[in-house]
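Asker: Quick one: the structure is below, questions incoming.
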Amino acid sequence: MSTLTGRLGRHQHLLLALLSAWLILTSPWVHMFRRIPGNAGFLDYSHIVLGLVASLLAITFTISCTRLGRWRLYFPWLSGELGQVARDLRGLANREVPTAEGGGLFALFEGLLLLALLATALTGLAWLLTQGSAEAVGWRYNHVLAARGMAVMLVLHIVSVSLHLLDFIRE
């Protein structure tokens, strides 16, 4: 069962990466404010449809990442276990790449990315559900903020993975 869960998690991860990249890269051309405009085009509708798929994946991926106590890995600050994060930060001062295991700095980045992904998904869903109302503008604003935070965390995640790959190749 755990191999099935692991395989499912890898597929969810890949799909979320591809969907997130598409949604972020095409978002400057999405023109929705209070509601879906009457002249909405391909990018507007693809943002809605792919955003709905990404939202479902974000929820299920977060559940698969955090079940069976694994939430401590991604959210060490929730359990007060910041020792590895502190060691990783001290190591960075000595030009050492943080470790990939044990709830350290890179796992903290992954956890923050998960939270930003969820916030982006939930605010996008809230915007869609409230479109046409006065609340829609506020949800859109929150969605844009969450998406920008997610983009920053995504870049940190990519840098973290790249550093690990470089470290792996050196060995």
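The values are calculated or read from the model by the stated rules, or taken from the named source; none is laboratory data. These numbers were taken from a predicted model, which means no experiment stands behind them. Virtual Cβ from ideal backbone geometry, glycine too; neighbours counted across all protein chains shown.
Asker: Just for the range 125-171: of the residues that are more than 16 Å from Ala107 (Cβ to Cβ) and acidic (Asp, Glu), which one is modelled with the highest pLDDT?
Answerer: That would be Glu135.
Asker: Also, I was wondering about something else. What do you reckon, is Ile24 over 23 Å from Ser162 (Cβ atoms) and of a type in the set (Val, Ile, Thr)?
Answerer: Considered against the rule, which asks whether it is over 23 Å from Ser162 (Cβ atoms) and of a type in the set (Val, Ile, Thr), Ile24 comes out as no.
Asker: Output the qualifying pairs, or none if there are none: Cβ atoms under 8 angstrom, residues six or more apart or on different chains, first residue in the range 10-35 and in contact (Cβ under 8 Å) with a residue 24 or more places away in the chain and over 11 Å from Ala54 (Cα atoms), second residue assigned to a helix (DSSP H, G or I) and of a type in the set (Lys, Arg).
Answerer: Met32/Arg140; Phe33/Arg140; Arg34/Arg140
Asker: Which of the following residues is modelled with pLDDT of 95 or more, of a type in the set (Gly, Ala, Ser) and closer than 15 Å to His157 by Cβ: Ala107, Ala54, Ala21?
Answerer: Only one candidate qualifies: Ala21.
Asker: Kindly indicate whether any position in the range 83-104 is in contact with a Lys or Arg (Cβ under 7 Å, 6 or more places away or on another chain) and more than 24 Å from Leu154 (Cβ to Cβ).
Answerer: no
Asker: Still on this structure, please answer the following. Restricting to the range 58-82, count the residues that are more than 27 Å from Ala147 (Cα to Cα) and either in contact with a Gly (Cβ under 9 Å, 6 or more places away or on another chain) or outside any helix (DSSP H, G or I) (or both).
Answerer: Residues meeting the conditions: 2.
Asker: Then there is this: Would you point out which residue out of Leu78, Leu129, Leu108, Leu92 is in contact with a helix residue (DSSP H, G or I) (Cβ under 9 Å, 6 or more places away or on another chain) and surrounded by 14 or more Cβ atoms within 10 Å (Cβ to Cβ)?
Answerer: Leu108
Asker: Which pairs turn up if I take residues in the range 128-150 that are of a type in the set (Val, Ile, Thr) and look for partners that are loosely packed, with under 15 Cβ neighbours inside 10 Å and outside any helix (DSSP H, G or I) with beta carbon separation below 8 Å, at least 6 apart in sequence or on another chain?
Answerer: Val137/Phe33
Asker: Taking the condition without any contact (Cβ under 8 Å) to a residue 60 or more places away in the chain and of a type in the set (A, V, I, L, M, F, W, C), does Leu105 pass?
Answerer: When the stated conditions are applied, Leu105 passes them.
Asker: Hey, any hits in the range 29-39 for a residue that's assigned to a helix (DSSP H, G or I) and loosely packed, with under 14 Cβ neighbours inside 10 Å?
Answerer: Yes - at least one qualifying residue is present in the range 29-39.
Asker: Can we say Ala100 is surrounded by 12 or more Cβ atoms within 10 Å (Cβ to Cβ), closer than 22 Å to Glu135 by Cβ, in contact with a His (Cβ under 8 Å, 6 or more places away or on another chain) and modelled with pLDDT under 95?
Answerer: No; evaluated as a whole, the condition is false for this residue.
Asker: Mind listing whichever residues of the range 94-109 are acidic (Asp, Glu) and over 15 Å from Glu81 (Cβ atoms)?
Answerer: If the condition is that a residue be acidic (Asp, Glu) and over 15 Å from Glu81 (Cβ atoms), then Glu96 is the only one that fits.
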